[in-house]
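The next block holds one structure in the form of structure tokens; read it before the comments.
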Amino acid sequence: MNTLLHTLHHRTLFVLLSLLLMGTLFTPAAASSTLIVAPDGDYITISAALAAAQTGDVIEVHGGVYPALLVVDKTVSLIGVDQPAIDGQGSGSLVLINASNVVFSGFVVRHSGQSLTHEDTGIVVEGENVTVSDNLLDDVMFGIYFADADGGIARNNIIHGKPLEESVRGDGIRVWYSNHVQIIGNEITTGRDTLIWYADNITIRDNHIHKNRYGLHFMYNENATVLDNIIEDNAVGAYMMYSANLVMTGNRYSNNRGASGYGVALKDMDHAQVSNNIFVGNMAAIYLDNSPSLADVYNIFSQNFIAYNDVGLVGLPSVKRNIFQNNIFLENFEQVAVQGRGDLLGNLWSKDSIGNYWSNYVGYDRDGDGVGDMPFRAEKLFESLTDSNPALRMFAFSPASIAIDFAGFAFPSLRPSPKVVDEAPRMQYSLPIVAAMPAQPVSLPFIAVTLLLFGLGAGICALTLRGNRHPQITPDAVPSGTRA
């Protein structure tokens, strides 16, 4: 009997403990609260609301001006209503987020300090999985700085740096030892670089990056995706260095015309795929230096539109193992240049009988298959001279350049070795699809000036013809080479 009672006692205790444990596990979590910060709200300062907040709470900050430095050390969502401003009045950094899973959205962050040494920054992120979105950062030395902060998101922010010389500005966005960071839909201007260093698995998409030093600056990264960005009016569009597994597609690089002025420069880059990009109006659309760097690796350039640049592609003579296919080289001042003695024949300029379109190709397509029957060869004597002496480009299209190229054509001993040979040049091209610009109204003064200039030109031509009483006999014009 005693044994039976003892057994029932233990079973009862076990059941009670199990019920207690189940009740603990299935107790609903406390609902998050919303704390209001406003001049007439429950909290007058953001710091007071943060002190009272619990994990997961929402702090709603209404319009007004709030002092820096703001330190966010709890997992909360800070939501701005009517654009509240965090104002540093020209001193130090402004917002420091060192907790994880924070949301910071809807603020104006302005007037940081101006110290490069102390890296005065608008928003410093040191916690993981932090989202910084829909903010205006104005007059900040550095914009958004992910410092050893994995999983961060910078989305739909506008970042204006300080109006300083390029070399003494801070970076619009800096990602430092932070993996899986996404930079999406931001406008970044008047900064130094968008800098990605020692960071893997980075996504950069739908940003407008303009009027900076380097639009993008990569070093020591792997697995980056650069997609559908507009990168324009910088000294250099993108300089990608010492990295691997880059996918760059759907971007527009235009009017990057600093001292180097590259649209995209690749240095020691391996496994790069550069496709469906637009390069227009840069000093050089693409620059290659020891890319790829590994002996068993190829980089791929395909379906890029490379038009109206000073130089379409510049490469060091040591550059090899790049594949160029289905690209359009259209009316660049010089299609391909070699920086130094040598050529770029160690690269593949066609593959599987598909090459590239070259606007200065003068061959023919007798069988009508869309591929030229003769290889495209870049071997003009004047271009060879300008590769060694870029200052000579000022004589382009002059009688001197024409005479030099004619001499190279007439005397094979003067003709340089080809820099590029494309065995399957394409005969046709199509323009890339870009967003149509809204029609601009034409003013009446503009129309009047146009008609006046047209009338003056017509009058001058008429007087010239009337005065030409003894027309000279000239040889028949020889039609230029056309494509069949």
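Annotations for the structure displayed:
- Residue within the range 138-147 that is part of a loop (DSSP other than H, G, I, E, B), under 24 Å from the mean Cα position of the chain (by Cα), surrounded by fewer than 24 Cβ atoms within 10 Å (Cβ to Cβ) and not hydrophobic (A, V, I, L, M, F, W, C) present: no
- Of the candidates E187, E166, the single residue that is in contact with a strand residue (DSSP E or B) (Cβ under 8 Å, 6 or more places away or on another chain), of a type in the set (D, E) and not assigned by TED's automatic domain parsing to the domain that holds G237 is E187.
- Flag if I204 is within 16 Å of I173 (Cα to Cα), of a type outside the set (D, E, K, R), free of Cβ contacts under 8 Å to residues at least 60 places away in the same chain and not assigned by TED's automatic domain parsing to the domain that holds Q325: yes
- The single residue among N234, N309 that is in the same structural domain as G346 (by TED's automatic domain parsing), part of a loop (DSSP other than H, G, I, E, B) and within 12 Å of the chain's Cα centre (by Cα) turns out to be N234.
- A single entry from S93, S100 fulfils the requirement of being in the same structural domain as F146 (by TED's automatic domain parsing), out of contact with any strand residue (DSSP E or B) (no Cβ under 9 Å at 6 or more places or on another chain) and at pLDDT 95 or above: S100.
- Within the range 213-221, one or more residues are in contact with a helix residue (DSSP H, G or I) (Cβ under 7 Å, 6 or more places away or on another chain) and of a type in the set (K, R).
- Any hit, the range 48-63, residues being at pLDDT 95 or above, β-branched (V, I, T), surrounded by fewer than 19 Cβ atoms within 10 Å (Cβ to Cβ) and on the phi < 0 side of the Ramachandran plot: yes
- Hey, D150 surrounded by fewer than 24 Cβ atoms within 10 Å (Cβ to Cβ) and either not in a loop (DSSP other than H, G, I, E, B) or not assigned by TED's automatic domain parsing to the domain that holds V81 (or both) or not: no
- When restricted to residues that are surrounded by fewer than 18 Cβ atoms within 10 Å (Cβ to Cβ) and more than 14 Å from the chain's Cα centre (by Cα), the range 156-189 contains 11.
- Residue match in the range 247-258 (condition: more than 16 Å from the chain's Cα centre (by Cα) and of a type in the set (A, V, I, L, M, F, W, C)): no
- The set of residues in the range 67-78 being surrounded by fewer than 19 Cβ atoms within 10 Å (Cβ to Cβ) and assigned to a strand (DSSP E or B) consists of P67, V71, S77.
- Meets criteria (assigned to a loop (DSSP other than H, G, I, E, B) and within 25 Å of the chain's Cα centre (by Cα)) for V314: no
- Spans of strands (runs of 3 or more DSSP E) in the range 239-300 with at least 2 residues without any contact (Cβ under 8 Å) to a residue 60 or more places away in the chain and touching a Gly at 6+ places or on another chain (Cβ under 7 Å): 252-254, 262-275, 284-289
The values are calculated or read from the model by the stated rules, or taken from the named source; none is laboratory data. All values derive from a computational prediction rather than experimental measurement. Neighbour counts are summed over all protein chains in view; Cβ atoms, including those assigned to glycine, are modelled from backbone coordinates with ideal geometry.
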